[in-house]
Amino acid sequence: MDFLAQGLNIVSKGVIAFGSLWTIWGIIVLGAGLKDHNGQDIRNGLLQAVGGALVMSASAWITQINVSFA
(Lines give C-alpha, C1' and ligand atoms only; values in the text may rest on other atoms or scores of the structure.)
Protein backbone atom coordinates (compact mmCIF):
# COMPACT_ATOMS: atom_id res chain seq x y z
CA MET A 1 0.00 0.00 0.00
CA ASP A 2 3.05 2.24 0.14
CA PHE A 3 2.87 2.42 -3.66
CA LEU A 4 0.17 5.10 -3.52
CA ALA A 5 2.18 7.25 -1.11
CA GLN A 6 5.29 6.95 -3.28
CA GLY A 7 3.33 7.87 -6.40
CA LEU A 8 1.80 10.88 -4.67
CA ASN A 9 5.24 11.97 -3.53
CA ILE A 10 6.67 11.74 -7.06
CA VAL A 11 3.74 13.64 -8.56
CA SER A 12 4.06 16.29 -5.87
CA LYS A 13 7.75 16.82 -6.66
CA GLY A 14 6.91 17.25 -10.34
CA VAL A 15 4.19 19.77 -9.59
CA ILE A 16 6.53 21.70 -7.28
CA ALA A 17 9.10 21.83 -10.10
CA PHE A 18 6.43 23.09 -12.51
CA GLY A 19 5.28 25.72 -10.01
CA SER A 20 8.87 26.86 -9.52
CA LEU A 21 9.40 27.31 -13.24
CA TRP A 22 6.04 29.08 -13.58
CA THR A 23 6.98 31.48 -10.77
CA ILE A 24 10.41 32.20 -12.24
CA TRP A 25 8.90 32.87 -15.66
CA GLY A 26 6.34 35.20 -14.07
CA ILE A 27 9.14 37.16 -12.39
CA ILE A 28 10.93 37.45 -15.74
CA VAL A 29 7.75 38.77 -17.39
CA LEU A 30 7.22 41.17 -14.47
CA GLY A 31 10.77 42.49 -14.80
CA ALA A 32 10.41 43.00 -18.55
CA GLY A 33 7.11 44.81 -18.00
CA LEU A 34 8.66 47.09 -15.39
CA LYS A 35 11.56 47.87 -17.70
CA ASP A 36 9.25 48.75 -20.60
CA HIS A 37 6.61 50.44 -18.41
CA ASN A 38 4.02 48.07 -19.87
CA GLY A 39 1.07 47.78 -17.50
CA GLN A 40 -0.35 44.61 -19.05
CA ASP A 41 2.95 42.74 -18.73
CA ILE A 42 3.38 43.94 -15.15
CA ARG A 43 -0.06 42.60 -14.24
CA ASN A 44 0.43 39.32 -16.11
CA GLY A 45 3.87 38.74 -14.61
CA LEU A 46 2.67 39.45 -11.09
CA LEU A 47 -0.36 37.18 -11.44
CA GLN A 48 1.74 34.41 -12.99
CA ALA A 49 4.31 34.59 -10.17
CA VAL A 50 1.58 34.46 -7.53
CA GLY A 51 -0.11 31.58 -9.36
CA GLY A 52 3.13 29.61 -9.46
CA ALA A 53 3.63 30.17 -5.74
CA LEU A 54 0.10 28.91 -5.08
CA VAL A 55 0.75 25.80 -7.17
CA MET A 56 3.91 25.09 -5.18
CA SER A 57 2.20 25.57 -1.83
CA ALA A 58 -0.76 23.39 -2.83
CA SER A 59 1.58 20.64 -3.96
CA ALA A 60 3.51 20.81 -0.70
CA TRP A 61 0.21 20.62 1.18
CA ILE A 62 -0.86 17.52 -0.78
CA THR A 63 2.16 15.63 0.56
CA GLN A 64 0.69 15.99 4.06
CA ILE A 65 -2.34 13.85 3.14
CA ASN A 66 -2.25 10.40 4.74
CA VAL A 67 -3.05 7.76 2.12
CA SER A 68 -2.38 4.69 4.24
CA PHE A 69 -5.46 2.54 4.74
CA ALA A 70 -4.13 0.74 7.80
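Computed from backbone phi, the HN-Hα couplings of segment 21-27 come to 5, 5, 5, 4, 5, x, 5 Hz, rounded to whole numbers (Karplus: 6.51 cos²θ - 1.76 cosθ + 1.60, θ = phi - 60°; Gly and Pro given as x).
For the chain, the solvent-accessible area of protein heavy atoms averages 74 Å² per residue (probe radius 1.4 Å; ligands and nucleic acids excluded). Here the spin labels are modelled as points 7 Å beyond Cα on the Cα-Cβ line, and at Lys13 and Ala60 they lie 1.7 nm apart. Each peptide in 19-30, 37-48 gets a packing score, the mean of other Cβ atoms within 10 Å over its residues, and the list from highest to lowest is 19-30, 37-48. Length available on full extension from Ile28 to Asn44: 0.36 nm per residue minus the Cα-Cα distance, which gives 4.7 nm. Rg of the Cα atoms in segment 4-57, relative to 2.2 N^0.38 Å, amounts to 1.38. Only protein atoms count toward the accessible area here, which uses a 1.4 Å probe; on segment 2-70, the carbon and sulfur part of that area reaches 73 percent. Taking the C-alpha atoms only, the angle from helix 39-62 to the longest principal axis of the chain is near 10 degrees.
The values are calculated or read from the model by the stated rules, or taken from the named source; none is laboratory data. What you are looking at is a predicted structure, and each value in this text was computed from that prediction instead of being measured. Using ideal geometry, Cβ is built from the backbone for each residue, glycine included, and neighbour counts are taken over all protein chains shown. We work out accessible area using only protein heavy atoms, side chains counted, and drop any ligands, DNA or RNA first. Shrake-Rupley method; radii C 1.70, N 1.55, O 1.52, S 1.80 Å.
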